[in-house]
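Worksheet for the structure shown next.
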């Protein structure tokens, strides 16, 4: 993989802080012309597209990043290299209104995690994939998908494998889903970092939706996506519940 052009990377942050999406994308395009096999550049460009609502372009770049990663020397047949791209592609489909496709991607990722067929997973052995599937399942009334999330979370909590450790964060997400801790405990455990609070409020929103408490659902969605500045995409990098919460909260304001 090529070395990161730090001057270009810093310029992109500046561009996004001033909401200059076009110049940020132009910077990424320049870097990709020099380094067409750099999966991290594709992923960064995908996040820019995702934040600004360009779902098809985001999906294409997440797919390109995943294809480049699966060509690596540690790729193994029948296994996902990472859960990140599939989680992200599901997010793009959900935001476009293709809920069944979103669920299909999150379900495949969660099933693969349950079968230990994912080489690298984000956040505690794939807890975020389960969180996204739980969100979709509650909206679409899919009890089988809720059961799949339960299977993943129970497996992770009982696992002794180091990368699945849930002694600290994101363990409270799994315990909250399993009703081992309450909402107050969950939020308190997340209070030291904005990305943790995003996940915690997203989980609390799902539980509120599950219980038919719409006002609480909307409140927690807004709290899960409190930052509206375009530079927030770097604060919430790979934090896909943020983008779902932002989309759902924005819908309610229309």
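Some observations on this one:
- With Cα atoms, 0 to 90° folded angle of helix 21-34 axis to the chain main axis: 70 degrees
- Residue order, fewest to most surrounding Cβ atoms within 10 angstrom, among 165, 158: 158, 165
- The Cα-based radius of gyration and maximum Cα-Cα distance (Dmax) for segment 1-75 are 12.3, 39 Å.
- Burial ranking of peptide ranges 187-194, 62-69 (average Cβ count within 10 Å, highest at the top): 62-69, 187-194
- Cα gyration tensor category, rounded, prolate or oblate, for segment 120-180 with a/c compared to 1.5: prolate
- Secondary-structure-derived ellipticity at 222 nm for the chain, considering helices only, amounts to -22000 deg cm²/dmol, per-run term -39500 (n - 2.57) for DSSP H runs with n ≥ 4.
- Förster radius 30 Å - calculated FRET efficiency between residue 96 and residue 219, Cβ distance, rounded to 0.05: 0.75
- Taking 223, 32, 132 as the candidate residues, the one with maximal mean-square fluctuation in a Gaussian network model of the chain, Cα springs under 10 Å, is 32.
- Rounded to 10°, Cα long-axis angle of helix 84-95 versus longest principal axis of the chain: 80 degrees
- The P(r) of the chain has a tail past 22 Å containing 54 percent of all C-alpha pairs.
- Under the criterion of Cα pairs below 8 Å and six or more residues apart, the relative contact order for segment 1-75 equals 24 percent.
- Spacing of the modelled spin labels on residue 168 and residue 34, each 7 Å from Cα toward Cβ, amounts to 3.6 nm.
- Taking only the C-alpha atoms of segment 1-149, the Rg (one decimal) and the largest Cα-Cα distance, Dmax (whole number), read 16.4, 49 Å.
Every number here is computed from the coordinates shown, using simple stated rules; none is lab data. Treat the numbers as computed from the prediction; the structure is a model and nothing was measured. FYI the Cβ positions are ideal-geometry reconstructions off the backbone, even for glycines, and counts take in every protein chain you see.
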